[in-house]
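Inspection log for the structure reproduced underneath, given as C-alpha cells.
The values are calculated or read from the model by the stated rules, or taken from the named source; none is laboratory data. No experiment lies behind these values; they were computed from the predicted model shown. Cβ coordinates were reconstructed from backbone atoms using ideal geometry, including for glycine residues, and neighbour counts include every protein chain displayed.
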Amino acid sequence: MYRPTTPTQLSGGSQVGASPDMGMHTSLPDFDMPNEEQVHLAAETFRMLADPTRIKVLWALLQGESSVACLAELAGAAPTAVSQHLAKLRLAGLVKGRREGTFVYYSAADEHVRGPTSPLPRRPRRP
C-alpha cells in the first residue's frame, strides 16, 4: 500500500498524506489493488499493445477470426510484418491460431483480452 512520507499542503489549508491511514481509498468498500503478478502481467500486456500495428491487428481479431493477408490489409502493413506481430501476440497469449489446410486463421485468445483493450471503442456488430 502506498504511504506518503511527507504531507502535501492543499490550497484550502488541509493536508494530504498527514496520516498514512487516512487515505481516501479506505472509504471505498470494494477498493482493491492488484498483486505483483497481476501488475507484471498487465505491464507486459500494455508493452505488447504499445505498437500501433499490434493494436490494429488485435482490434480486428476482437471482431472475429482473420487471416494474415486480411489483417495486413486492415492494418496497412506488409504480411511479413503482421506475421511477426502475430507471433509476439501469440507468445503473449493474446491471440491464437487455427490451421486449416495451408492457411492459419487468427483470433483473440479469449474474452480476457478485451480487458486491456476495453478503452478502445467498440464498433457495433453487423447483423
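Scanning the range 29-43 for residues that are closer than 30 Å to residue 80 by Cα and loosely packed, with under 14 Cβ neighbours inside 10 Å yields 40, 42, 43.
Run residue 92 past the list (1) at pLDDT below 95; (2) over 14 Å from the mean Cα position of the chain (by Cα) and report the number of the one that doesn't hold. With respect to (1) at pLDDT below 95; (2) over 14 Å from the mean Cα position of the chain (by Cα), residue 92 is out only on (2).
If only one of 80, 26 is assigned to a helix (DSSP H, G or I), exposed (fewer than 13 other Cβ atoms within 10 Å of the Cβ), of a type in the set (Val, Ile, Thr) and modelled with pLDDT of 90 or more, which one is it? Full working, then the answer.
Working: 26 fails: modelled with pLDDT of 90 or more.
After ruling out the rest, the residue left standing is 80.
Within the range 29-54, being part of a helix (DSSP H, G or I) and either in contact with a helix residue (DSSP H, G or I) (Cβ under 8 Å, 6 or more places away or on another chain) or polar (S, T, N, Q) (or both) holds for 38, 42, 45, 46, 48, 53, 54. Cβ separations smaller than 6 Å between residues 6+ apart or across chains give the following pairs from the range 29-57 residues that are over 18 Å from residue 72 (Cα atoms) to residues that are exposed (fewer than 13 other Cβ atoms within 10 Å of the Cβ): 31/25.
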